[in-house]
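First comes the structure, then the notes that go with it.
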Amino acid sequence: MKRRHFLKRVSISSLGMSIVPSLFTFAETSETTKNNMTISQKKKPIAICTWAFKNATAMAGEALSKGAKALDAAVIGAEVEENNLKNTTVGKGGTPDREGNVTLDACVMDSNGDCGAVVCVEHITNVAALAKKVMTETPHVMLSGKGAEEFGYQQGFKKEELLTPSSIEAFEAWKKSPEYKPIINIENHDTIGMLCMDEDGDIAGACSTSGLSYKMKGRIGDSPIIGSGLFIDNEIGGAAATGLGEEVMKTVGSFLIVELMRNGMSPQQACKEAVERIVKKNKGYKDFQIAYIAMNKAGEVGSYCIHKGFSYMTYKDGENTETASQSYIKD
Ligand code: SD4
């Protein structure tokens, strides 16, 4: 039942007459009347995502334009990259850990503050959708490893081989001189973080990754951690992260950005401040990449990263554009 109708019904059946007028005033604010016609005030949908994943924002934006809710659109966008075998850090085709197993992490957060996450999941490609199932079908927020995988099969997710011929080949090459280094702006930093605003002006998001390439077995980064890889507060806005997860987790980066926006910063200023805190905390050491994207309730977006080379996609007014992010290090 629509909230407006619910409020009308409640007011008539059980509430005192004295408060009825104010309830009507509140309930009708989402619609205006012009020439005796009711016109709903629909917002223009917006979808943004980390990196130049243009098909992700295009698909999410198209879904939003057809009336999809923000969370459903964010999951649709994440799925584009999870299914993209050329993306070696998300979903199927993602780079394995140093033992050769692909383990995926994801989370989602809805506009009502509900969230779900899965960590270290093998054999299931669409882990953002699985995280959404954790949110909607269980009393929990996070499931890990085998438990998450078994829950996925119960929910109808297919068991799949996530290694591909090219990821096996790359792994075999890596094993010849196995060394782990969080390298800047190469394919070990291609997590998808998506933020969507739907026609009702509600904001939700999703984040999905295979984590750092050739990570230690069992290592989890920021991406599935609510507040680190993703955070939404529908009164304020949302933020998402990509890059070296350990540094994002230590500063609870996405939550920080939303709080900075609550205190008056624009999305751009908030992303910049969050990056600068990481650089400061590391006493100026910045030989790794961190990048944030953010959106506020007014539909303004922003981004900031440590090193040049990060860009993000924005779908707005039917246009899908790539923007090079401003960076802490300018060259
Ligand atoms: C992680 N933040 O697991 C992720 C890695 C990443 O593109 O962003 N990859 O730390």
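The values are calculated or read from the model by the stated rules, or taken from the named source; none is laboratory data. On a predicted model such as this, the values are computed, not experimentally measured, just so you know. Note: ideal-geometry Cβ built from the backbone for every residue, glycine included; neighbour counts use all protein chains shown. Just the protein is used for accessible areas: all its heavy atoms, side chains included, with ligands, DNA and RNA removed. Shrake-Rupley method; radii C 1.70, N 1.55, O 1.52, S 1.80 Å.
About the Cα centre of the chain, what is the dipole size in debye to 20, counting +1 per Lys and Arg Cβ and -1 per Asp and Glu Cβ, all else neutral?
560
How much mean residue ellipticity at 222 nm does the chain get from its helices, if each DSSP H run of length 4 or more adds -39500 (n - 2.57) and you divide by all residues, to the nearest 500 deg cm²/dmol?
Per the formula, -10000 deg cm²/dmol.
So what does R277 come to for accessible area, using a 1.4 Å probe and Å² rounded to 10?
Here the accessible area works out near 100 Å².
Normalised by the residues of the chain, what does the relative contact order come to in percent, with Cα pairs under 8 Å and at least six apart?
Value for the chain: 19 percent.
Could you tell me the distance between the Cα centroids of region 276-297 and region 113-158, to the nearest Å?
Each part reduced to its Cα centre gives a spacing of 29 Å.
State, in angstrom, two size descriptors of region 68-219 derived from its alpha carbons: Rg to one decimal place and Dmax to the nearest whole number.
15.3, 53
Pull out a ≥ b ≥ c, the square roots of the eigenvalues of the alpha-carbon gyration tensor of region 244-331, then state rounded if a/c is under 1.5, prolate if not and a/b is larger than b/c, and oblate in the remaining case.
It comes out oblate by the Cα gyration axes.
Could you please state how large a percent of the accessible area of region 210-255 is carbon and sulfur, counting protein chains only and using a 1.4 Å probe?
Roughly 63 percent of what the probe reaches on region 210-255 is carbon or sulfur.
So, taking all protein chains as they sit and a 1.4 Å probe, how much accessible area belongs to H140, in Å² rounded to tens?
100
For region 43-327, build the convex hull from the C-alpha positions and give me its volume per residue in Å³.
Enclosed volume per residue, from the Cα hull, is 109 Å³.
Counting only Cα, what are the radius of gyration and maximum Cα-Cα distance Dmax of region 184-248, in Å?
Final numbers for Rg and Dmax: 13.0, 42 Å.
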